[in-house]
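The values are calculated or read from the model by the stated rules, or taken from the named source; none is laboratory data. What you see is a predicted model; the values in this text were computed from it and never measured. Virtual Cβ from ideal backbone geometry, glycine too; neighbours counted across all protein chains shown.
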Amino acid sequence: MSIDLILRLVGMMIFALLGAMLGTELSDALLLPPEATGLIFALTGALGGLIITPWLTTYPARLGKRALQRMPVENLVMSVVGLLAGLLAAALLAWPLSLLPSPFGQLLPTLSAIALIYAGVTAATARAQDVLTLFGVTADRRPARRWTPAPEPANEILLDTSVIIDGRILDISQTGFLRGRLLIPRFVLHELQHVADSADVLRRNRGKRGLEILSELQQVSLAPVEIIDDDVEGVDEVDEKLVTLARRRGIPVMTQDFNLNRVAELQGVTVLNINALSNALKAIYLPGEVIDIHVVMEGREPGQGVGYLDDGTMVVVEDGQQYLDRTIRVLITRYIVTNAGRMYFAQLEGSPRT
């Protein structure tokens, strides 16, 4: 039960009691039985109490709280100091003023106390910074700001069809890096089923692989996997539904689809791209390092050979064509960064550096 409701009930009872007492006193004047007038005035007082009580209690308290929160700390401290100084001065003057003849002896102590308290608080707050500086305290004049906790990021990730078919999400989900729930909308599941029922053999195999990955993901993933029924009315395209749903829920989309990646970013949706993650995790070799590479094909330029690292990164070996289908030790000379990741250039170990 809230404090506002409690105060309303207390105010209702107080006003109802006052109304009953007033009704009983006015029964003779109204020419009605005391019970009737008491009941009528009690009900009226109860209704009035419900309405009036917040204006006498909670609303002023809220206004005072906001004023205190906006008030600089030095002003608040000096207001208390000015209040105490005003009360002390009023107490010292109260006895001499009370000796004056009536009615001054009764009025002046109260009036002087009000005036001195007001003067003390006003003077102390007006010169708060100067007074604190006098005592060697430096205060910031900016209004105190309330601390509000930063919003926690949504612990949910939407998975699209391509990232499920790709299969690498299965390994990532077992590393513990993914926190929160992995959400698969039912319309993504329907698309997987549609691909698995395709007449094209390649598409059918991809769809079946996606369903198998999803089934295994539900069993071994360290992050909870949940199929949700959320849908987007009036939209047919699965990618557009995913982007709209992600924007509506304020969560990222995990994909490896380049087009979905671009569309989502243009609409302000966070994208977790599996390919970007894969490129970021590839081993980095610096010029001067020596590695083993298996030459599998000829390069574009005469005499070049091409090999691949375990993660699929291309290595172009100068004068490596003669070593086709052989594993050789090469020296990394330089690398370039492309949209697909890094590409290394190397030469045979022991060859003169170019």
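Mind checking whether some residue in the range 222-237 is part of a helix (DSSP H, G or I) and within 30 Å of Asn339 (Cα to Cα)?
No: the range 222-237 contains no residue that is part of a helix (DSSP H, G or I) and within 30 Å of Asn339 (Cα to Cα).
Name the one entry in Leu331, Leu266, Leu309 that is within 51 Å of the chain's Cα centre (by Cα), within 26 Å of Arg168 (Cα to Cα) and not assigned by TED's automatic domain parsing to the domain that holds Ile251.
Leu309
Considering only the range 216-263, how many residues are under 26 Å from Thr175 (Cα atoms) and not polar (S, T, N, Q)?
21
Anything in the range 184-207 that is of a type in the set (A, V, I, L, M, F, W, C), assigned to a helix (DSSP H, G or I) and loosely packed, with under 14 Cβ neighbours inside 10 Å? List them, or say none.
Val201, Leu202
In the range 172-181, is there at least one residue being aliphatic (A, V, I, L, M) and touching a residue at least 40 places away in the same chain (Cβ under 8 Å)? Explain how you work it out, then say what you get.
Our first condition is that a residue be aliphatic (A, V, I, L, M); within the range 172-181, this holds for 172, 178.
Within this subset, residues satisfying the condition of being touching a residue at least 40 places away in the same chain (Cβ under 8 Å) are 172, 178.
Checked the range 172-181: at least one residue is aliphatic (A, V, I, L, M) and touching a residue at least 40 places away in the same chain (Cβ under 8 Å).
Yes or no: Leu309 within 30 Å of Ile274 (Cβ to Cβ), surrounded by 13 or more Cβ atoms within 10 Å (Cβ to Cβ), without any contact (Cβ under 8 Å) to a residue 40 or more places away in the chain and of a type outside the set (S, T, N, Q)?
So Leu309 passes the test.
Testing Val137 on (1) at pLDDT below 85; (2) surrounded by 11 or more Cβ atoms within 10 Å (Cβ to Cβ); (3) out of contact with any helix residue (DSSP H, G or I) (no Cβ under 9 Å at 6 or more places or on another chain), one condition comes back false. Which one is that?
Among (1) at pLDDT below 85; (2) surrounded by 11 or more Cβ atoms within 10 Å (Cβ to Cβ); (3) out of contact with any helix residue (DSSP H, G or I) (no Cβ under 9 Å at 6 or more places or on another chain), Val137 violates only (3).
Out of (1) more than 30 Å from Tyr323 (Cβ to Cβ); (2) in a loop (DSSP other than H, G, I, E, B), the odd one out for Asn275 is which?
(2)
Could you list, in sequence order, all residues of the range 289-304 that are in contact (Cβ under 8 Å) with a residue 40 or more places away in the chain and outside any strand (DSSP E or B)?
Glu289
Quick grid of which residues meet (1) in a helix (DSSP H, G or I); (2) of a type in the set (Ser, Thr, Tyr); (3) modelled with pLDDT of 80 or more; (4) under 30 Å from Pro54 (Cα atoms):
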site: Arg66; (1), (2), (3), (4): yes, no, no, yes
site: Val80; (1), (2), (3), (4): yes, no, yes, yes
site: Leu88; (1), (2), (3), (4): yes, no, yes, no
site: Leu93; (1), (2), (3), (4): yes, no, yes, no
site: Pro96; (1), (2), (3), (4): yes, no, yes, no
site: Pro101; (1), (2), (3), (4): no, no, yes, no
site: Gln106; (1), (2), (3), (4): yes, no, yes, no
site: Pro109; (1), (2), (3), (4): yes, no, yes, no
site: Ala115; (1), (2), (3), (4): yes, no, yes, yes
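So that you can scan it fast, the table gives a plain yes or no per residue for (1) assigned by TED's automatic domain parsing to the domain that holds Arg8; (2) in contact with a Ser or Thr (Cβ under 8 Å, 6 or more places away or on another chain):
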site: Gly45; (1), (2): yes, no
site: Ile52; (1), (2): yes, no
site: Ala85; (1), (2): no, no
site: Trp95; (1), (2): no, no
site: Ser102; (1), (2): no, no
site: Pro109; (1), (2): no, yes
site: Ala115; (1), (2): no, no
site: Thr122; (1), (2): no, no
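Given Thr125, Thr161, which one is farther than 16 Å from Ile227 by Cα, of a type in the set (Ser, Thr, Tyr) and either modelled with pLDDT of 90 or more or out of contact with any Cys (no Cβ under 9 Å at 6 or more places or on another chain) (or both)?
Thr125 is the lone residue from the list that is farther than 16 Å from Ile227 by Cα, of a type in the set (Ser, Thr, Tyr) and either modelled with pLDDT of 90 or more or out of contact with any Cys (no Cβ under 9 Å at 6 or more places or on another chain) (or both).
Within the range 289-305, can one find any residue that is out of contact with any His (no Cβ under 7 Å at 6 or more places or on another chain), β-branched (Val, Ile, Thr), more than 28 Å from Gly167 (Cβ to Cβ) and surrounded by 14 or more Cβ atoms within 10 Å (Cβ to Cβ)?
Applying the first criterion (out of contact with any His (no Cβ under 7 Å at 6 or more places or on another chain)) to the range 289-305 yields 289-305.
Then keep just the ones that are β-branched (Val, Ile, Thr); that gives 290-291, 293, 295-296.
Still in the running and more than 28 Å from Gly167 (Cβ to Cβ): 290, 295.
After this cut, where a residue has to be surrounded by 14 or more Cβ atoms within 10 Å (Cβ to Cβ) as well, the list is 295.
Checked against the condition, which is being out of contact with any His (no Cβ under 7 Å at 6 or more places or on another chain), β-branched (Val, Ile, Thr), more than 28 Å from Gly167 (Cβ to Cβ) and surrounded by 14 or more Cβ atoms within 10 Å (Cβ to Cβ), the range 289-305 yields at least one hit.
So which residues in the range 315-332 are farther than 19 Å from Glu298 by Cβ and surrounded by fewer than 17 Cβ atoms within 10 Å (Cβ to Cβ)?
Arg329
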